[in-house]
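*Asks:* Handing you a structure now.
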Amino acid sequence: MTLYADSEYPVRAEIDRAHAAQLDHLADPGTWGGAAQRLAVAREVREACYEAGVQEKHDGAGPESDVELPGAAREMIRHLAVSPRDFDQQSYESARSGGLSDEEYVEIVGIVSRLTCMDVFARGIGVPLRPLPAARDGRASGGRPGVARKELAWVPTVPNLPEGGEEAKAIFGEGYRPYILRSLSLVPDEFRQSVELEEAQYLPMKNIMVKDYQHHEGFSRSQVELIAGRVSAINECFY
Amino acid sequence: MIDPSQDSGVPGGKEILAFADAAIGPDRPALDRARADLAGALGPKAVSAASAVAATFTKNDRLANGTGIPSELPMLKNSKDIRAELGINDFRTAVYSRTHYPDEM
């Protein structure tokens, strides 16, 4: 049984596998948030998207939550989920002054970004949102890369090699990683999961500079970049 | 990409752009039409491919705008003219690159 067995449109097996695993992993404790908190973040994303009319609510979206997120967290989750174009440094600073640590903030950005990604995919192929799982027991693992520091982003990041040393090598591998990949590196698990979606849905990073590399059967690189550019233009993403 | 009324020159470009707009917009009937049009123009696999790419950049835009990352310097150096021509420097989020690399804007 695959996650998207009800899709009228064929879904690549690696996308199906990645989404199934990542949705299920939301039921586990994360690095800074417990499982119930992470699922509460996911539910807040979906509620905000339902209210904004960019997702459709349906029965079977998963169990309800009794976790109340802090106001600062709810506000930044809702803002980033539905209106990334005007999310700004003040939004970040409000979240921080509202009590979120940088580590918690980065983990939440990762969950918001990955869930909106998987939900946009589901809506794109015309299937209902996949159900969220029930929380599993356990404690957040904690742990921050010692080498993470303030570079040019708002949040601390793990520097590229050679500055990042062995920790950077363990997280990124040998190659140079642009900021878009390193943005979540303060929470390496979020970094890894984001890259997994990137490579399944867009293209393997090792091929990014190969102009005519084709990742999707019947969909050329120029067609890929057209839709990528349009989505980023709508979201006013300068990066 | 900035003005979807322009011909992109890409096969199925009109259908791809309509699908991109609808995939992240609130008009569900428009999305259903755009999906059918895209499948008609490029085949059913194009619908899951386009959904996957739109979804990826939905993620990446939130990562970039949510963490305040600047663009990479080589990318800025190579895109100066086209950014000016397309008005991309006017995006709110350009400020995070302008702050660090004012000479490249």
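The values are calculated or read from the model by the stated rules, or taken from the named source; none is laboratory data. Owing to the predicted nature of the structure, the values given are computational and were not obtained by experimental measurement. Cβ: placed from backbone, ideal geometry, glycine included. Neighbour counts: every protein chain shown. Ligands, DNA and RNA are stripped out before the accessible areas are found, and what is left, the full protein with its side chains, is counted by its heavy atoms. Shrake-Rupley method; radii C 1.70, N 1.55, O 1.52, S 1.80 Å.
*Asks:* If a residue must be open to solvent by 30 Å² or more (accessible area, probe 1.4 Å) and part of a helix (DSSP H, G or I), how many such residues does the range B:90-103 contain?
*Replies:* 8
*Asks:* Let me ask something else. Given the criterion open to solvent by 20 Å² or more (accessible area, probe 1.4 Å), among the charged types (D, E, K, R) and either within 10 Å of chain A (Cβ to nearest Cβ) or over 20 Å from A:V109 (Cα atoms) (or both), identify the matching residue among B:K80, B:K59.
*Replies:* Details: B:K59 fails: open to solvent by 20 Å² or more (accessible area, probe 1.4 Å).
From the options B:K80, B:K59, the qualifying one is B:K80.
*Asks:* Check the range A:204-219 and report whether any residue there is under 20 Å from the mean Cα position of the chain (by Cα), over 25 Å from A:R96 (Cα atoms) and open to solvent by less than 10 Å² (accessible area, probe 1.4 Å). First the steps, then the outcome.
*Replies:* If we filter the range A:204-219 for residues that are under 20 Å from the mean Cα position of the chain (by Cα), which is where we start, we get A:204-205, A:208.
Next, only the ones that are over 25 Å from A:R96 (Cα atoms) stay: A:204-205, A:208.
Those still in the list that are open to solvent by less than 10 Å² (accessible area, probe 1.4 Å) too: none.
Among the residues of the range A:204-219, not one is under 20 Å from the mean Cα position of the chain (by Cα), over 25 Å from A:R96 (Cα atoms) and open to solvent by less than 10 Å² (accessible area, probe 1.4 Å), which makes the answer no.
*Asks:* Determine which single condition A:V187 fails, assuming it passes every other condition in (1) closer than 19 Å to B:T56 by Cβ; (2) within 13 Å of the chain's Cα centre (by Cα).
*Replies:* Only one criterion in (1) closer than 19 Å to B:T56 by Cβ; (2) within 13 Å of the chain's Cα centre (by Cα) is unmet by A:V187, namely (1).
*Asks:* Looking at A:V187, A:V155, which one is more than 9 Å from every other protein chain (Cβ to nearest Cβ) and at negative phi? Quick ask: steps written out before the conclusion?
*Replies:* Working: A:V155 fails: more than 9 Å from every other protein chain (Cβ to nearest Cβ).
Answer to the selection: A:V187.
*Asks:* B:I69: open to solvent by 30 Å² or more (accessible area, probe 1.4 Å) and either part of a loop (DSSP other than H, G, I, E, B) or modelled with pLDDT under 95 (or both), yes or no? Break it down stepwise before answering.
*Replies:* Numbers: open to solvent by 30 Å² or more (accessible area, probe 1.4 Å): no; either part of a loop (DSSP other than H, G, I, E, B) or modelled with pLDDT under 95 (or both): yes.
Judged against the criteria, B:I69 is not a match.
*Asks:* Are any residues in the range A:50-72 in contact with a helix residue (DSSP H, G or I) (Cβ under 6 Å, 6 or more places away or on another chain) and in contact (Cβ under 8 Å) with a residue 24 or more places away in the chain, and if so, which ones?
*Replies:* Going residue by residue through the range A:50-72, those that are in contact with a helix residue (DSSP H, G or I) (Cβ under 6 Å, 6 or more places away or on another chain) are A:52, A:55, A:57, A:65, A:67, A:69, A:72.
Answer for the range A:50-72, where residues must be in contact with a helix residue (DSSP H, G or I) (Cβ under 6 Å, 6 or more places away or on another chain) and in contact (Cβ under 8 Å) with a residue 24 or more places away in the chain: A:A52, A:Q55, A:S65, A:V67, A:L69, A:A72.
*Asks:* For the range A:3-60, how many residues are modelled with pLDDT under 95, charged (D, E, K, R) and open to solvent by less than 20 Å² (accessible area, probe 1.4 Å)?
*Replies:* Of the residues in that region, 0 qualify.
*Asks:* Of the conditions (1) open to solvent by 30 Å² or more (accessible area, probe 1.4 Å); (2) in a loop (DSSP other than H, G, I, E, B); (3) within 20 Å of A:V54 (Cα to Cα), A:E75 fails just one. Which one is it?
*Replies:* (2)
*Asks:* Follow-up. Which members of the range A:131-181 meet the condition of being crowded, with 17+ Cβ neighbours inside 10 Å and among the aromatic types (F, W, Y)?
*Replies:* The answer is A:W154, A:F172, A:Y179.
*Asks:* Another one. Collect the residues in the range A:158-182 that are part of a helix (DSSP H, G or I) and over 16 Å from A:R192 (Cβ atoms), keeping them in residue-number order.
*Replies:* If we filter the range A:158-182 for residues that are part of a helix (DSSP H, G or I), which is where we start, we get A:165-172, A:179-182.
Of everything in the range A:158-182, those that are part of a helix (DSSP H, G or I) and over 16 Å from A:R192 (Cβ atoms) turn out to be A:G165, A:E166, A:Y179.
*Asks:* Please work out which one of (1) surrounded by fewer than 16 Cβ atoms within 10 Å (Cβ to Cβ); (2) assigned to a loop (DSSP other than H, G, I, E, B); (3) hydrophobic (A, V, I, L, M, F, W, C) is the condition A:L186 fails and give its number.
*Replies:* (1)
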